[in-house]
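Just below is one structure, and these are the notes that go with it.
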Amino acid sequence: MTNSTIARLLPVGLLLLFLLVVPHSATAQNKIQVTSFQRMETDITARITAPQRDQNGEICALIRIVTTEKDFMFEPDALGIVARENKPGEIWLYVPRGARRISIMHEKYGVLRNYFYPDLIEKATVYEMELSAGDEAKEMAVDTNMQLVVMRPEPAIADIYVDDEKMPTEKGLFTATMKKGTHTYRVEAPMYAPEAGIIDLGSEQKIMSVALKPRFGYLEVFSLPEQDAKVYIDNELAGETPYKSDRMPLKDYQVRVEKEFFFPMDSTIVITAGETSSLTFKMKSTIKPKEPRRTLVMLEAGWHPSQTSFGAMVGFVAKNGAYVRFRSDFGSVSADLECDDTGALTGGGNGTPYYKEGVTQKARMSVTAGYMHRIAKTLYAYIGAGYGSRTLAWETVEDELVKNTDHSATGIAAEIGAIGRFGKFAVSVGCQTVNFKYMELSAGVGFFF
């Protein structure tokens, strides 16, 4: 048998056990029996011979209990007992007008609980109750027109009303001996829906359970990534997360959580009958998290109308960072002579050599480092400086190389540019100059790691 099957059968088994045990215990332990109850119309004891008055000054009714036992104790309803007198063969109880029930107890014979008077109790009137106990009660199988009622409410603290009178309960159980026929009942408890109906008493005992439907629910509140956030319900501080409420009436609630260094959050939730509603707040910190440092590796190309170079860049950046760059055309030029743009030799040379038309040699190199800054979520800017050189040499008819000083530069290299990030992919554009004499545009592609 599976656990789910056992869970379904368990309530049924408990109910059957309740139906079997309660009637048995109620009858087996009850050795006290009211064999008759009648009004004594001609008895003037209550109004003339021996009257008693209640606290309101009204003449009491007298119940003459005929019994051979003298050690009975009596527990009345809310109206109480005004006086008790032990007489030969009788116990006299004076009760106020309107009394409805009484419990009869004996140390040896047990309890007859909540016996309802089968007649209306009027002032200055005498009633006779014949009471038997022990074996004598068993031998007298007399139809007294009374019947046993047992009611178990759920929850056990519920109030029970029979014929609009509130009934006492013991350990969550109401037991009474009542006149046969129909009686109204009502069961009420705070935060539960009341239930009302009819009790029809006949030849058999009435055993019943009344389970009220809840008019409340529960609320759980959690906060992530941290707990201990203050929980406000309808602007009232209720506790801290993780929070579990007590019973809450069924309605909509405004729930807000607050914690230092986090943005407050709120939500609306509906409490459902008999259920636990749950809220989980994913809170955001007011402190901006430290941006992780990323590594950037790029391959680049530099362009000038007369020359192309290639290089690489390595950077380390979060909000701010730094980089190094190397660029070269991987060529070299060695020239002992120099000339200007006209071709005339300078720097100690004389005359103007004859040059091979269109035959040149070039060399380009730079090493720079600089600063990087994230100016937008996916956009970075950089600026840097270092050392650079660019050499242009013309070849003469004598196979000599002459350096053109107007198109050559050596010294400080400066650069500026921007880098766009698309996920891990990156592209760059920029420009670099050597001594502000030679200018070169650049572009690159790379990745962030």
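The values are calculated or read from the model by the stated rules, or taken from the named source; none is laboratory data. Owing to the predicted nature of the structure, the values given are computational and were not obtained by experimental measurement. Cβ coordinates were reconstructed from backbone atoms using ideal geometry, including for glycine residues, and neighbour counts include every protein chain displayed.
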Legend entry - Residue list for the stretch 213-239, filter: under 13 Å from Thr280 (Cα atoms), out of contact with any Gly (no Cβ under 9 Å at 6 or more places or on another chain) and not in a loop (DSSP other than H, G, I, E, B): Leu219, Glu220, Phe222, Ser223, Leu224
Inset, instruction - Among what's in the stretch 345-355 and is of a type outside the set (Ser, Thr, Tyr) and exposed (fewer than 14 other Cβ atoms within 10 Å of the Cβ), pick the residue that is nearest to Thr368 (Cα to Cα). - result: Gly347
Inset, instruction - Test each condition in (1) surrounded by 15 or more Cβ atoms within 10 Å (Cβ to Cβ); (2) under 16 Å from Glu440 (Cβ atoms); (3) at pLDDT 95 or above for Asp329 and report the one that comes out false. - result: (3)
Inset, instruction - Collect the residues in the stretch 287-313 that are loosely packed, with under 15 Cβ neighbours inside 10 Å and either part of a loop (DSSP other than H, G, I, E, B) or free of Cβ contacts under 8 Å to residues at least 40 places away in the same chain (or both), keeping them in residue-number order. - result: Ile287, Lys288, Pro289, Lys290, Glu291, Pro292, Arg293, Pro305, Ser306, Thr308, Ala312
Inset, instruction - Could you please give the count of residues in the stretch 174-198 that are free of Cβ contacts under 8 Å to residues at least 60 places away in the same chain and within 43 Å of the chain's Cα centre (by Cα)? - result: 15
Inset, instruction - Could you tell me whether any residue of the stretch 336-351 is part of a strand (DSSP E or B), free of Cβ contacts under 8 Å to residues at least 60 places away in the same chain and closer than 16 Å to Leu401 by Cβ? - result: yes
Inset, instruction - Name every residue in the stretch 250-273 that is under 21 Å from Arg215 (Cα atoms) and exposed (fewer than 12 other Cβ atoms within 10 Å of the Cβ), in order of residue number. - result: Lys251, Asp252, Thr268, Val270
Legend entry - Options Ile59, Ile48: the member that is modelled with pLDDT of 95 or more and either among the aliphatic types (A, V, I, L, M) or touching a helix residue (DSSP H, G or I) at 6+ places or on another chain (Cβ under 6 Å) (or both): Ile59
Inset, instruction - Could you tell me which residue of the stretch 240-256 is farthest from Glu154 (Cα to Cα), considering only residues that are of a type in the set (A, V, I, L, M, F, W, C) and outside any loop (DSSP other than H, G, I, E, B)? - result: Val255
Inset, instruction - Of the conditions (1) in contact with a strand residue (DSSP E or B) (Cβ under 6 Å, 6 or more places away or on another chain); (2) surrounded by 15 or more Cβ atoms within 10 Å (Cβ to Cβ), Pro96 clears all except one; give me its number. - result: (1)
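Conditions (1) under 19 Å from Gly311 (Cα atoms); (2) of a type in the set (Asp, Glu); (3) assigned to a loop (DSSP other than H, G, I, E, B); (4) at pLDDT 95 or above, marked per residue:
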| residue | (1), (2), (3), (4) |
| --- | --- |
| Ala369 | yes, no, no, yes |
| Tyr380 | no, no, no, yes |
| Asp399 | no, yes, yes, no |
| Ile412 | yes, no, no, yes |
| Glu415 | yes, yes, no, yes |
| Ile419 | yes, no, no, yes |
| Val427 | yes, no, no, yes |
| Thr433 | yes, no, no, yes |
| Val445 | yes, no, no, yes |
